[in-house]
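The structure appears right after this line, and notes come after that.
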Amino acid sequence: MPGPGEPLGRHRDVRKEHPLNDVLYSVDDAVATIVINRPEAMNALTVRAKTALLEALTSAQAPSVRAVLLTGSGRAFCAGQDLAEHAANLEAGRGLDGTVRTHYNPIVRTIIEMDKPVVAAVNGVAAGAGASLAFACDLRIASEKARFATAFSGIALAPDSGASWTLQRLVGTARATELLLLNEPFGAKRALELGIVSRVVPADELDTAARALAVRLAQGPTSAYAATKRALRFAATSSPAEALELEADLQDACAKTADHLNATRAFLAKERPVFEGH
Ligand code: T3D
């Protein structure tokens, strides 16, 4: 992952083009790469950073983008809420200043409801709302240096940014309860055992491995991926009958896509399918 001030490898450095450089945004090979870029504060989230993050995620909703890669700059993925800004709000009697509803909720909904795959490349520590961001993504690939900390109870807060919803779906209610109440940080190996991350790679291979995964997804059947995400979200809180009904609707829609017709023809012709995403 890029260090502070380092070029973004293959990616265009948009810091000069973007009015808020707390978040970097670039698109290559139909993959939108979003880098939270406050390495001096472990990519902790200020209002400005959260605004820029939501703006970047909104840009990634463009149909030309077919997969999203979220990562952090420097040695952290994201340390969650910027506690300096948070303390200033508390001392001024503003409480949370509405940031959960105004910023975190729209950010996390945009990730969860994104109609294309979102991959988190967890390059370092992911704490509090930073861990929640990773949990909200569809796939997580981690560096050996990644660490997770739920952090909320450490400062007498309850989970936010979707952690109460995502984490128990990832690890089950018992483990989610333990992780959220005890707030014991854990490393990449334990995250892999828990099923929170699907792959752990050496730190210097994360950028390449995460990008390869995102490019692979960007070359996949995007409409079918969107339907898969929607079906999983819906099934999590619906009856079997309701889930079956939505599956039938979504399958009807998938069956009408050019990707489905072409992939079926390719199968019969013993050729590799090329997916256009629709
Ligand atoms: O408005 C609201 O608050 C509602 C929303 C809440 C959502 C949340 O995210 S609540 C949870 C907030 N996050 C945390 O409680 C995590 C706090 N940070 C830590 O526990 C540790 O820093 C880490 C586990 C993330 C990393 O530990 P370590 O030992 O690798 O690094 P460090 O030395 O603690 O931190 C390095 C620097 O980053 C340090 O600054 P310095 O001393 O070098 O100038 C530290 O203060 C800064 N930093 C780390 N986390 C934050 C932060 N600065 C601001 N906010 C942070 N969250």
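Every number here is computed from the coordinates shown, using simple stated rules; none is lab data. It should be emphasised that the depicted structure is a prediction, and the values quoted were computed from it without experimental measurement. So basically every Cβ, Gly included, is an ideal-geometry build from the backbone, and we count neighbours across all protein chains shown.
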> Ordered by residue, what ³J(HN,Hα) values in Hz, to whole numbers, does the range 245-257 give under the Karplus form 6.51 cos²θ - 1.76 cosθ + 1.60, where θ = phi - 60° and Gly and Pro are x?
Replying inline: 5, 5, 4, 5, 4, 5, 5, 4, 5, 4, 5, 8, 7
> Where the centroid of each part is defined by its Cα atoms, how far is the range 110-151 from the range 181-231 in Å?
Replying inline: 8 Å
> Comparing Ala188, Ala151, Ala41, which has the greatest mean-square fluctuation in the GNM of the chain with Cα pairs linked when under 10 Å apart?
Replying inline: Ala41
>> Which three numbers, in whole Å and largest first, are the semi-axes of the equivalent ellipsoid of the chain derived from its Cα gyration tensor as √(5λ)?
In response: 31, 23, 18
> What's the local net charge at His260, with K and R +1, D and E -1, over the other residues with C-beta under 12 Å away?
Replying inline: -1
>> Just to compare against my own numbers: the Cα pair-distance distribution for the range 66-195, 5 Å bins, whole % per bin, please.
In response: 2, 11, 20, 25, 21, 13, 6, 2, 0
>> Starting from 0.36 nm per residue, how many nanometres of slack lie between Leu246 and Ser164 once their C-alpha separation is accounted for?
In response: 27.0 nm
> Stretch Asp29-Asn89 to full length: gain in nm at 0.36 nm per residue minus the Cα-Cα span?
Replying inline: 17.5 nm
>> Number of Lys pairs in the chain with C-alpha atoms less than 27 angstrom apart, excluding same-chain neighbours closer than eight positions?
In response: 10
> Can you list the HN-Hα couplings for the range 186-202, worked out from phi with the Karplus curve (6.51, -1.76, 1.60; θ = phi - 60°), rounded to whole Hz and with x for Gly and Pro?
Replying inline: 9, x, 4, 4, 5, 4, 5, 4, 6, x, 6, 10, 9, 7, 10, 10, x
>> Can you compute the FRET efficiency between Thr102 and Ser153 using 1/(1 + (r/R0)^6), with r the Cβ-Cβ distance and R0 = 30 Å? Round to the nearest 0.05.
In response: 0.80
>> Can you give me the distance in nm between label points at Asn21 and Lys256, each placed 7 Å from the Cα along the Cα-to-Cβ direction?
In response: 4.7 nm
> On full extension of the chain, what length is gained from Glu144 through Glu184, given 0.36 nm per residue of separation minus the C-alpha to C-alpha distance?
Replying inline: 12.6 nm
